[in-house]
Structure formats: C-alpha cells, structure tokens
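Trainee: What follows is a structure written as structure tokens; I'll ask about it next.
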Amino acid sequence: MFAHKLWIVRWLAIAVGIVCAGCGQKSTPWAWQLPPGFSPPPVPVDNPMTVEKVTLGEKLFFDTRVSGNNQQACASCHHPQFAFAEPFATSTGSTGERHFRNALSLTNVAYNATFTWAHPNLTSLERQIIIPLYNEKPVEMGLTHNEHRVIQRLTEDTAYPQLFATAFPQTFPQLNKDVITVDNIVKALASYVRSLTAFDSKFDRYAYYGEDIFTEQEIRGLNLFMSERLECKHCHGGFNFSQSTVHEGGSTTVRGFHNTGLYAEQTALEFDRGAFDVTGDEMDKGLFRPPTLRNIALTAPYMHDGSIETLAEVIDFYAAGGRNTPTGNFPGDGRQHRNKSLFVHGFGISADEKNDLIAFLNTLTDRSLLPSQSEPKSESTLPAGESPADNRR
Ligand code: HEC
Ligand code: HEC
C-alpha cells in the first residue's frame, strides 16, 4: 500500500520534471541599494523580491496593454520624470473619468506603513495595487470584466510568456498555462514599485554618507524644518520624511494621520473626508497621511487634491495655521476645523527663512529614479513618439 503511494509520488515527480521547463530556474534575489546600516523595507513572504519579478513588473508598469481599453499604464499617472507622481492636481483614468485625488509619488513607497492618502487599514502594496487596476469610482486601469482581454494581450506578446515563466518559476507553465494571471501581474508590479528606493539625494549624502556638502543656507533650512516653531519634523520625521514608515525588523509602527486645516469641516464633508471615509470615526474627518517629502520639489502640485501649487505656498499655508477660503467652490475656514492638529498652529517666517526652508526641501531631490535610469521598456501600442501621458489630456 505504502510502496504503491511512493511509486505514484515518484511518477508525478518525473512527469513534472519533464514538462516543467521553468521550474529548475533559479531566481536572483534583489540587492537593495541602501545607505550603511539601513534596513530594507518589509517584503511579504509570498512575494519575495527577485530581479526577474522586478524586470517583469517594470515592463508591465509602463505598458498600456495592462488597462482594460489599452489606453493607460501605471506610468500614465505615475511618471518617472516627476518622481512617479504627475504634474496635475488630480488624475484622469483610462476612460477619461476624473479621480478626486492627486497621484502620489512612489519614491521609497515600500517603506510606507499605510498606502494612499488616507487609508489606515491599507497596509500592503499588493492590496493597494488592486485598487487602480479594478477601481470603478472612478475607473482607472479599468480591469473589471476586462481581465481576459489583458491576459490575452500579454499571452500573445512575444516576450511576456517567457518573462512570466522566468519570474514565477514555481508555477508549471506547460502543465498550467495560467502563469500569466492577475495575481502574478500584481505580484510583479508590487515588486517593481517596491524596488523604487532612492537614497542618493544631497541630504542622504550629507546625513548618511558624512559628506560635508550642505551650504549655509541648506543648514539653516534643515534647522528650521526641525524647529519647534515650524513643527515640520513631527509629521514628516524620520529617514523617509513621513510619520508613516516601516522597515524590516522594526518593532513599532506609527500610522500617522492628521488634519492640517486645509478645508472647513462642512466643505470637506462634501467631497473627500479623508480617513473618516474608511473608519467612520468623527475624529478622523479631514485626516490625511503626511506623505514623504523625498523628491518633493518634483511633485507639484501639492496636497491630496493638488490644491496648492508651489512649495512657497505650502509654507505660507502652514505659517497661516491652515487655509481660509472665503469664496470659491469650497468656501470655509479650515483653520477652525475641530480636528485640526495642534502642531498646525501657525508661525511667523521671514522671506529669507522661507527661501532657506525651500533650499533644504530641494536637497531631498534624488535623480537616481529619474528617466535616464528607468526608461519605459514596454512595446506599448501608442503611436511612435507619443508618451503614455499624452493620450490623456
Ligand atoms: C488614473 C491615474 C492612476 C493610475 C492609472 C494609477 N495610479 Fe496609482 N495612484 C493614483 C492616485 C490618484 C493615487 C492616490 C489614491 C488615493 O489616495 O486614494 C495613487 C496611489 C498609488 C499608490 C500608493 C502610494 C502611496 O504612497 O501610498 C501606489 C503604490 C500606486 N498608486 C501604484 C500604482 C500602480 C502599480 C498602478 C498600475 C497598476 C497605478 N498606481 C495606476 C493614480 C493612478
Ligand atoms: C500635523 C502634522 C503636519 C505638520 C506639522 C506638517 N505637515 Fe506637511 N503634511 C501633513 C499632511 C497630513 C499632509 C497631507 C495633507 C493633505 O493632503 O490634506 C502634508 C502635506 C505636506 C506637503 C505636500 C506633500 C505632497 O506630496 O503633496 C508638503 C510639501 C508639506 N506637507 C511640507 C511641510 C512642511 C514644510 C512643514 C513645516 C512647516 C509641514 N509640512 C508640517 C502633515 C503635517
């Protein structure tokens, strides 16, 4: 009886060995480029980082064929030249529908404790990526009811079948043709997005590599940023300039969300109530996540709805202790919002000090993620010379 079972197991092993072309392939572990002593970001056990998955994920990220109507890639809203954000107040989806929020930069996104502007429970990149793929309010990539089209397009491509087989060698391509699945697309995209770490800014070289390269003005700006007068460090602290940061082996996780007094309570109720829309807790009305300030000079306009144009205006906004908008579409005094953080109390700042602070924020720019290093590698179906962004506006 027992011997009979063993025979079956052996037979199966041989059969699998014959048909499983990709199975014997070794995956190449991803090597993080981090400053000395830095911990890598957390990586889920069921989606370990490999060079093969990042390579596939990069191709998918820039490929419009991943959208339902073949019109939009992830990169259509997350442009590498703008640190994977976009120069528009809010995004537009593949069918032309308007998103109500500003596209976030993906710089060091792997270290985020939560994802998107205001979702306290969204703690996995794999789960986050499902949103743009399937979102219906508004439609972004438009995958709902279109999965088969996307899978077919990728299956018919000359390169993808092999890339998927190499990236997911544990799936048996010949036994099970389903190596090109939405699950594997998401895993590859998450691996690529996770790989977008950048620690080569002027600030990093000054702070973590000990290079004495800050100007007097940048040092003054750094001190202002860290000061109790301006309070910036309380919400944009730590190596990622965001309170919401995790890393491998880290013991505590802070998931900070704050109301910065951008909108009056009655106004904000009408269109985007931040974390409240997820938790239903009154205290969460108008609370948003402080995003990383890395590459902030490249990602204007600012805030969850792109309603502030420049860094100088962002500083004016904090100096005023929030925003009073007497007229316009969303009138009201955000400064009086009862959930406004005590850290947004307003402060006096001179024109020179403002320039100093902006000079410091400029040192957070890291060009290692910009296009020369990450050219689109897809064979997108867009007309020659047209970038994925052009089909949207
Ligand atoms: C239509 C434009 C659009 C498309 C297409 C799009 N995104 Fe986004 N992305 C956004 C917006 C807007 C947000 C902020 C959403 C929010 O806060 O609700 C965002 C947020 C994110 C975040 C969270 C960042 C953070 O700091 O928390 C990740 C990761 C992300 N997108 C990855 C992707 C990937 C991968 C794709 C392709 C599958 C993609 N996006 C396609 C507009 C887009
Ligand atoms: C109480 C916490 C808090 C303090 C203090 C604070 N911020 Fe923020 N910051 C936030 C939050 C939350 C957001 C997102 C707000 C939104 O979109 O509604 C934000 C957004 C920003 C943005 C726009 C980010 C983007 O990607 O659009 C910049 C720039 C910024 N803050 C700079 C600063 C500076 C400079 C200071 C100090 C003068 C400062 N912040 C103080 C919490 C804070």
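The values are calculated or read from the model by the stated rules, or taken from the named source; none is laboratory data. Everything numeric here is computed off the predicted structure, so don't read it as measured data. Positions of Cβ are generated from backbone atoms using ideal geometry, with glycine treated the same way; all protein chains shown enter the neighbour counts. Note: areas computed on protein heavy atoms with side chains; ligands, DNA, RNA excluded. Shrake-Rupley method; radii C 1.70, N 1.55, O 1.52, S 1.80 Å.
Trainee: Using the structure shown, decide if Pro48 is at pLDDT 90 or above and surrounded by 13 or more Cβ atoms within 10 Å (Cβ to Cβ).
Mentor: Spelling it out, Pro48 is indeed at pLDDT 90 or above and surrounded by 13 or more Cβ atoms within 10 Å (Cβ to Cβ).
Trainee: If a residue has to be within 8 Å of ligand 2 (Cβ to nearest atom) and either of a type outside the set (Val, Ile, Thr) or outside any strand (DSSP E or B) (or both) to count, how many in the stretch 308-320 make the cut?
Mentor: Matching residues across the stretch 308-320 total 5.
Trainee: Within the stretch 285-307, identify whether any single residue is in contact with a Gly (Cβ under 9 Å, 6 or more places away or on another chain), surrounded by fewer than 15 Cβ atoms within 10 Å (Cβ to Cβ) and over 18 Å from Glu231 (Cα atoms), and answer yes or no.
Mentor: Within the stretch 285-307 (the criterion being in contact with a Gly (Cβ under 9 Å, 6 or more places away or on another chain), surrounded by fewer than 15 Cβ atoms within 10 Å (Cβ to Cβ) and over 18 Å from Glu231 (Cα atoms)), the answer is no, since none of the residues qualifies.
Trainee: Separate question: Looking only at the stretch 308-318, filter to residues that are surrounded by 18 or more Cβ atoms within 10 Å (Cβ to Cβ) and among the β-branched types (Val, Ile, Thr); which one of those is farthest from Asn121 (Cα to Cα)?
Mentor: Per the stated criteria, the residue is Ile315.
Trainee: Out of (1) at pLDDT below 90; (2) small (Gly, Ala, Ser); (3) open to solvent by less than 70 Å² (accessible area, probe 1.4 Å), what's the single condition that is false for Ser372?
Mentor: Every listed condition holds for Ser372 apart from (3).
Trainee: Mind telling me which of the residues Leu104, Leu125, Leu60, Leu163 ends up being within 19 Å of Val193 (Cα to Cα) and either in the same structural domain as Leu298 (by TED's automatic domain parsing) or within 16 Å of ligand 2 (Cβ to nearest atom) (or both)?
Mentor: Exactly one of Leu104, Leu125, Leu60, Leu163 is within 19 Å of Val193 (Cα to Cα) and either in the same structural domain as Leu298 (by TED's automatic domain parsing) or within 16 Å of ligand 2 (Cβ to nearest atom) (or both), namely Leu104.
Trainee: Name the single residue that is most open to solvent (accessible area, probe 1.4 Å) among those in the stretch 176-218 being part of a helix (DSSP H, G or I) and free of Cβ contacts under 8 Å to residues at least 12 places away in the same chain.
Mentor: For the stretch 176-218, the residue satisfying everything is Glu216.
Trainee: Restricting to the stretch 102-150, what's the tally of residues that are outside any loop (DSSP other than H, G, I, E, B), closer than 16 Å to Ala73 by Cβ and touching a residue at least 24 places away in the same chain (Cβ under 8 Å)?
Mentor: 6
Trainee: Still on this structure, please answer the following. Pull up the stretch 321-362, narrow it to residues that are among the acidic types (Asp, Glu) and in contact (Cβ under 8 Å) with a residue 40 or more places away in the chain, then point me to the one that is farthest from ligand 2 (Cβ to nearest atom).
Mentor: Asp333
Trainee: Just wondering, is there one or more residues in the stretch 243-252 that are free of Cβ contacts under 8 Å to residues at least 24 places away in the same chain and either part of a loop (DSSP other than H, G, I, E, B) or surrounded by fewer than 21 Cβ atoms within 10 Å (Cβ to Cβ) (or both)?
Mentor: Taking the stretch 243-252 first, the residues free of Cβ contacts under 8 Å to residues at least 24 places away in the same chain are 251-252.
When the remaining residues are screened for being either part of a loop (DSSP other than H, G, I, E, B) or surrounded by fewer than 21 Cβ atoms within 10 Å (Cβ to Cβ) (or both), the result is 251-252.
Taking every residue of the stretch 243-252 in turn, at least one turns out to be free of Cβ contacts under 8 Å to residues at least 24 places away in the same chain and either part of a loop (DSSP other than H, G, I, E, B) or surrounded by fewer than 21 Cβ atoms within 10 Å (Cβ to Cβ) (or both).
Trainee: Hey, another quick one. Hey, can you tell me all the residues within the stretch 85-101 that are open to solvent by 10 Å² or more (accessible area, probe 1.4 Å) and within 22 Å of Asn240 (Cβ to Cβ)?
Mentor: Arg101
Trainee: I've got another one for you. Is it true that some residue in the stretch 279-300 is part of a loop (DSSP other than H, G, I, E, B), more than 13 Å from ligand 1 (Cβ to nearest atom) and over 24 Å from the mean Cα position of the chain (by Cα)? Before the answer, list the steps.
Mentor: Taking the stretch 279-300 and keeping what is part of a loop (DSSP other than H, G, I, E, B), we get 280-281, 285-286, 289-295, 299-300.
Restricting the remaining residues to those that are more than 13 Å from ligand 1 (Cβ to nearest atom) gives 280-281, 285-286, 300.
Filter once more, so that each one left must be over 24 Å from the mean Cα position of the chain (by Cα): 280-281.
Checking the stretch 279-300: at least one residue is part of a loop (DSSP other than H, G, I, E, B), more than 13 Å from ligand 1 (Cβ to nearest atom) and over 24 Å from the mean Cα position of the chain (by Cα).
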